[in-house]
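The values are calculated or read from the model by the stated rules, or taken from the named source; none is laboratory data. Nothing here was measured: the structure is a model prediction, and the numbers come from that model. Neighbour counts are summed over all protein chains in view; Cβ atoms, including those assigned to glycine, are modelled from backbone coordinates with ideal geometry. Ligands, DNA and RNA are stripped out before the accessible areas are found, and what is left, the full protein with its side chains, is counted by its heavy atoms. Shrake-Rupley method; radii C 1.70, N 1.55, O 1.52, S 1.80 Å.
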Amino acid sequence: MCGIVGYIGPKSAESVLISGLKRLEYRGYDSAGISVISKDNKLETRKKAGKVSVLVQELADLPIAPAHIGIGHTRWATHGAPTDRNAHPHIGGSHHRLSLIHNGIIENFASLKKELSAAGTVFTSETDSEVVAHLVAIEYDKLQDLKQAFMVVVRRLEGAFTLLCIHQDHPDVVFAARRNSPLVIGLGQAENFLGSDVAAFIEYTKHAVAVGQDQIVELRSGSFQISDFEGNPVEAEEFEVSWDASAASKGGWPSFMAKEIADQPQAVGDTLMGRISSDGSVNLAEMADLAKLSEANRIVFVACGTAAYAAEAAKYAIEKWAKIPVSVELAHEFRYRDPVIDDKTLVIAMSQSGETMDTLMAVRHALSEGAKVLAVCNTQGATLAREAHATIYTHAGPEVAVASTKAFTAQVTAGQLIGLVLAWQRESLPIVELKKIGLELLTLPRKIKEVLDTAASMGELAKGFADAKSVLFLGRNIAYPIALEGALKLKELAYIHAEGFAAGELKHGPIALVENGQPVIVIVPSRLGEGSLHAKVVSNIQEIKARGARVIAIAEAGDSETGDYADEIFFIPETMPLLAGQLSVIPLQIFAMELSNAKGLDVDQPRNLAKSVTVE
Ligand code: M6R
């Protein structure tokens with residue numbers, strides 16, 4: 001939540017900051033702003049409520065001075081409405097020489113604000129962040145040392161923050177600090193960058209440094225220094241970013257969402273690459289870092305939103321193949337209810353961003369209880385990867401659209417790989433079976449492509465539902481989490497009430513919702529799946545049809561029965577039943593996207609959302 005970018009170097013600060021903000025806009029789009037220090041050492045700021053495009057217009061109407069140092073912010077509002085006044089940067093002190101941006105929440109801001117007000121500080125915004133700007137400015141006036149002033153203040157702050165600060169008396173340095181919010185440094189030739197994540201500067205450099213918890217950065221054009229909050233030097237952890245800039249651009253697609261849905265054969269293929277050999281055997285070298293993994297007697301996934309549904313989908317495969325109990329916990333519920341975990345528990349934290357605060361807090365709690373923690377993460381340099389014992393990266397590439405699509409299919413795939421590795425380690429299935437699963441996983445990118453090639457019909461169908469008030473999703477077994485994910489996509493993208501149900505639960509209550517014309521999307525299990533689930537779900541279709549439902553079925557190619565009862569049917573290729581989730585979710589993503597388009601909504605940046613939820 002909130003994107004921050006900083007720059008110092010020979011380029012135009014304005015253009016670097018604006019391009020960084022555009023790439024970070026998925027983190028929040030309530031307001032945007034930049035501050036620069038001009039060549040004649042004047043601090044200038046422009047900020048506006050609304051998206052980055054509104055700020056760009058403001059800069060065209062009221063140009064900012066040419067400059068080579070600056071900071072920029074795109075906001076997801078917490079304290080104070082999304083107005084011009086509450087937009088960042090915030091100017092500190094009565095001389096208006098210091099500018100500061102903030103991502104996070106300052107939990108003790110009320111007492112700090114009271115103290116400042118009593119001493120005569122006048123506030124221009126309702127934000128917690130402005131308090132920090134004034135504190136640093138006041139401290140600087142006392143100490144005449146910006147680094148010392150910054151350090152004194154960050155030591156007083158409670159909560160979560162990434163802070164970037166510039167001062168017109170020091171036009172050659174940007175100071176930054178982080179606690180519980182993300183920050184990475186980008187290293188260029190005689191220029192350096194700061195960003196909430198690498199997307200902020202991927203256009204200019206792939207050479208990056210992860211900034212750790214409770215650390216301060218002093219960034220100059222030709223150097224950087226990292227220290228702790230006491231000023232003690234800290235060694236930098238450098239890494240190369242594997243994404244390239246084109247992966248984070250629309251590349252001719254009408255939206256990031258359309259591009260990212262189409263990227264899924266590659267996202268899943270790249271996640272499998274090098275991890276399954278041509279004979280079907282699996283190797284996840286990263287799991288070797290987890291000593292005594294095979295001694296774990298249960299797995300607990302912690303995740304939120306789409307990532308939690310991906311974990312649910314992976315659970316079915318892991319339990320079936322590795323014969324180990326798996327539970328999936330919403331990270332925010334897990335953390336605050338004294339969960340029973342110990343050193344025999346493998347906690348797997350699933351997170352695209354690796355910055356979701358709820359998930360990080362759950363991980364920290366699990367670590368404190370002695371659990372082994374494995375991260376499944378899509379973003380290099382993320383806090384989650386730094387804090388877990390080991391990390392399996394999904395190689396989905398940058399996901400820019402706020403609603404998750406390709407990260408989901410990559411996460412499910414990574415979860416299945418974990419299940420397969422555990423099954424090999426625990427010898428819970430014959431090797432020949434395991435190799436068969438490995439080989440079938442390798443067919444998924446091609447099969448996803450087949451789904452995409454035929455998915456236009458789903459898009460056409462979706463357009464007819466623009467006036468729907470509610471859509472229900474039914475699934476069973478592996479298709480249950482897919483139904484939940486389909487419903488979440490529809491809520492997020494098309495603002496239509498949607499609920500996902502386990503089909504078996506239907507008669508225990510939800511069937512009361514079905515009336516004449518109620519749209520219900522049913523994901524029909526494979527005929528090869530568990531017991532008679534296929535027949536049971538086909539019966540469910542008949543039950544809701546009898547009550548007037550309009551049924552759209554997602555069924556496996558060759559299923560000649562379902563079409564007799566459904567109003568519409570969309571076929572996906574045959575695969576092993578436990579691997580079908582990565583195929584059946586695609587038409588649901590397209591349904592939600594096209595419905596959003598039909599309603600004229602912003603499919604990449606749905607209202608009220610931010611991609612990385614970095615506050616609890
Ligand atoms: O970055 P994470 O995977 O930890 O994010 C988790 C959720 O916030 C995220 O999946 C959210 O539900 C998306 N809006 C889903 O489209």
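In table form, for the structure just shown:
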| read-out | value |
| --- | --- |
| Hits in segment 116-139 - residues which are assigned to a helix (DSSP H, G or I), among the small types (Gly, Ala, Ser) and farther than 23 Å from TRP76 by Cα | SER117, ALA118, ALA137 |
| Set ILE552, ILE482: member being open to solvent by less than 30 Å² (accessible area, probe 1.4 Å), within 25 Å of ALA403 (Cβ to Cβ), in contact (Cβ under 8 Å) with a residue 60 or more places away in the chain and part of a strand (DSSP E or B) | ILE552 |
| Residues being more than 22 Å from the chain's Cα centre (by Cα) and within 16 Å of the ligand (Cβ to nearest atom) - total across segment 561-616 | 1 |
| Pick from segment 385-414, criterion in a helix (DSSP H, G or I) and in contact with a strand residue (DSSP E or B) (Cβ under 7 Å, 6 or more places away or on another chain), ranking: modelled with the lowest pLDDT | ARG386 |
| Residue match in segment 212-227 (condition: modelled with pLDDT under 95 and open to solvent by less than 10 Å² (accessible area, probe 1.4 Å)) | yes |
| Subset of segment 222-248 [among the aliphatic types (A, V, I, L, M), in contact (Cβ under 8 Å) with a residue 60 or more places away in the chain and assigned to a loop (DSSP other than H, G, I, E, B)] | VAL241 |
| Extreme residue, farthest from GLY212 (Cα to Cα), among residues of segment 141-159 that are open to solvent by less than 10 Å² (accessible area, probe 1.4 Å) and touching a strand residue (DSSP E or B) at 6+ places or on another chain (Cβ under 8 Å) | LEU146 |
| Any chance ALA385 is away from the ligand (no atom under 11 Å from the Cβ) and over 17 Å from SER612 (Cβ atoms) | no |
| Test: residue in segment 117-134 that is among the hydrophobic types (A, V, I, L, M, F, W, C) and within 30 Å of GLU399 (Cα to Cα) | no |
| Single residue of LEU452, LEU420 found to be away from the ligand (no atom under 15 Å from the Cβ) and buried (at least 24 other Cβ atoms within 10 Å of the Cβ) | LEU420 |
| Residue match in segment 211-220 (condition: within 23 Å of GLU25 (Cβ to Cβ) and out of contact with any Phe, Trp or Tyr (no Cβ under 9 Å at 6 or more places or on another chain)) | yes |
| Residue list for segment 515-549, restricted to those being part of a helix (DSSP H, G or I) and surrounded by fewer than 19 Cβ atoms within 10 Å (Cβ to Cβ) | ALA535, LYS536, SER539, GLN542, GLU543, LYS545 |
| Which listed residue is in the same structural domain as ILE437 (by TED's automatic domain parsing) and within 16 Å of the ligand (Cβ to nearest atom), from ALA307, ALA296, ALA285 | ALA307 |
| Yes/no for SER457 being closer than 25 Å to ASN608 by Cα, surrounded by fewer than 19 Cβ atoms within 10 Å (Cβ to Cβ) and more than 16 Å from the ligand (Cβ to nearest atom) | no |
| Matching residues, segment 190-210, being assigned to a loop (DSSP other than H, G, I, E, B) and either touching a Phe, Trp or Tyr at 6+ places or on another chain (Cβ under 9 Å) or at pLDDT below 95 (or both) | GLU191, SER196, ASP197, PHE201, ILE202, GLU203, TYR204, THR205, LYS206 |
| Hits in segment 319-375 - residues which are open to solvent by 10 Å² or more (accessible area, probe 1.4 Å), among the polar types (S, T, N, Q) and away from the ligand (no atom under 16 Å from the Cβ) | SER327, SER368 |
